[in-house]
Amino acid sequence: MIEKKKSSISLEKNRMAFFSAGLILVSSLSLAAFEWKTLTVKNKYAKNYLEEEAHVIEEEMLTELPEPKPQRLQPPAPQIPQIIETVVIDNNANNNNNVTITNNNIVDPNIDVIDFGNIGDPGPKTEDLDVIESWAQVMPSYPGGDKAMMEFISKNVDYPFLAKEMGEQGTAYVSFVVEKDGSISNVKILRQTLQYGLNEAAMDVVQKMPKWNPGEQRGKKVRVRFTIPIKFVLH
């Protein structure tokens with residue numbers, strides 16, 4: 001009876017020991033599993049972060065830098081073209097009119113233009129879309145220079161008889177275009193009109209002029225507008 005009781009006590013003690021050992025083992029395994037899972041998650045996040053950062057850096061490196069905009073060169077300030085000096089037509093001269101040069105040859109570019117239509121040869125037809133310059137790097141020039149041009153005008157202009165009879169005199173400002181081939185076109189009178197045929201006489205002599213040396217811009221022939229003051233004087 002006594003041995004059976006001791007055996008029961010011994011089994012009871014062993015059960016408690018086994019239970020405690022099992023509890024410790026289970027707790028250890030659970031803790032180890034938790035730590036392993038945490039480390040795995042942390043490593044996963046760290047890996048993803050590094051991959052994303054590397055991807056961003058790679059994209060930044062591959063991004064093309066914007067090309068620098070070419071600097072626009074400022075064109076040189078246009079120079080005011082020299083207006084041909086005034087040609088004075090004196091009615092007292094014989095067949096060849098005297099030519100005098102004056103300095104009062106400033107023309108207002110805002111003055112309206114009067115078109116009398118075609119007088120004599122209207123000149124070659126040109127494209128309306130072609131730009132007409134008021135200034136060019138190489139300005140057009142009359143063959144032989146301004147003096148030769150004035151001599152041509154004085155020899156070929158006619159002082160209208162009616163204008164002489166009516167005592168009409170003054171300055172006709174003739175505007176025209178020197179074409180790319182040197183020919184004269186678009187001959188017009190600026191608004192400081194004269195009467196009794198003086199405007200028409202001034203236009204007619206300009207249209208009779210021979211071809212000029214054309215103007216040039218950046219090595220290319222261009223159309224350039226010119227103005228010639230022709231002064232009719234009575235004595």
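The values are calculated or read from the model by the stated rules, or taken from the named source; none is laboratory data. Remember, predicted model here, so these are calculated numbers, not experimental data. As a convention, Cβ positions derive from the backbone with ideal geometry for all residues, glycine included, and neighbour counts pool all protein chains shown.
Exactly one condition in (1) touching a residue at least 60 places away in the same chain (Cβ under 8 Å); (2) within 27 Å of Val138 (Cβ to Cβ); (3) in contact with a Gly (Cβ under 7 Å, 6 or more places away or on another chain) is false for Pro229; which is it?
Going through (1) touching a residue at least 60 places away in the same chain (Cβ under 8 Å); (2) within 27 Å of Val138 (Cβ to Cβ); (3) in contact with a Gly (Cβ under 7 Å, 6 or more places away or on another chain) one by one, Pro229 breaks only (3).
Given the criteria modelled with pLDDT of 90 or more and in a loop (DSSP other than H, G, I, E, B), does Pro210 qualify? Quick ask: steps written out before the conclusion?
Values: modelled with pLDDT of 90 or more: yes; in a loop (DSSP other than H, G, I, E, B): yes.
Judged against the criteria, Pro210 is a match.
Return a yes/no flag: does segment 222-229 have any residue that is assigned by TED's automatic domain parsing to the domain that holds Val138, outside any helix (DSSP H, G or I), touching a strand residue (DSSP E or B) at 6+ places or on another chain (Cβ under 7 Å) and surrounded by fewer than 20 Cβ atoms within 10 Å (Cβ to Cβ).
Taking segment 222-229 and keeping what is assigned by TED's automatic domain parsing to the domain that holds Val138, we get 222-229.
Now drop any that are not outside any helix (DSSP H, G or I), which leaves 222-229.
If we keep only those that are touching a strand residue (DSSP E or B) at 6+ places or on another chain (Cβ under 7 Å) as well, we get 222-229.
After this cut, where a residue has to be surrounded by fewer than 20 Cβ atoms within 10 Å (Cβ to Cβ) as well, the list is 225, 227.
So far as segment 222-229 goes, yes, one or more of its residues are assigned by TED's automatic domain parsing to the domain that holds Val138, outside any helix (DSSP H, G or I), touching a strand residue (DSSP E or B) at 6+ places or on another chain (Cβ under 7 Å) and surrounded by fewer than 20 Cβ atoms within 10 Å (Cβ to Cβ).
Is there a residue in segment 132-141 that is in contact with a helix residue (DSSP H, G or I) (Cβ under 6 Å, 6 or more places away or on another chain) and modelled with pLDDT of 90 or more?
The answer is no; no qualifying residue exists.
Counting only residues that are surrounded by fewer than 17 Cβ atoms within 10 Å (Cβ to Cβ) and either touching a Gly at 6+ places or on another chain (Cβ under 6 Å) or at pLDDT 90 or above (or both), how many does segment 154-169 have?
In the first step, residues of segment 154-169 are kept if they are surrounded by fewer than 17 Cβ atoms within 10 Å (Cβ to Cβ); the result is 155-156, 158, 161-162, 164-167.
Narrowing further to those that are either touching a Gly at 6+ places or on another chain (Cβ under 6 Å) or at pLDDT 90 or above (or both): 155-156, 161-162, 164-167.
Of the residues in that region, 8 qualify.
When segment 191-208 is examined, which residues are found to be crowded, with 20+ Cβ neighbours inside 10 Å and either touching a residue at least 60 places away in the same chain (Cβ under 8 Å) or outside the structural domain of Ala163 (by TED's automatic domain parsing) (or both)?
Within segment 191-208, Asn199, Met203 meet the criteria.
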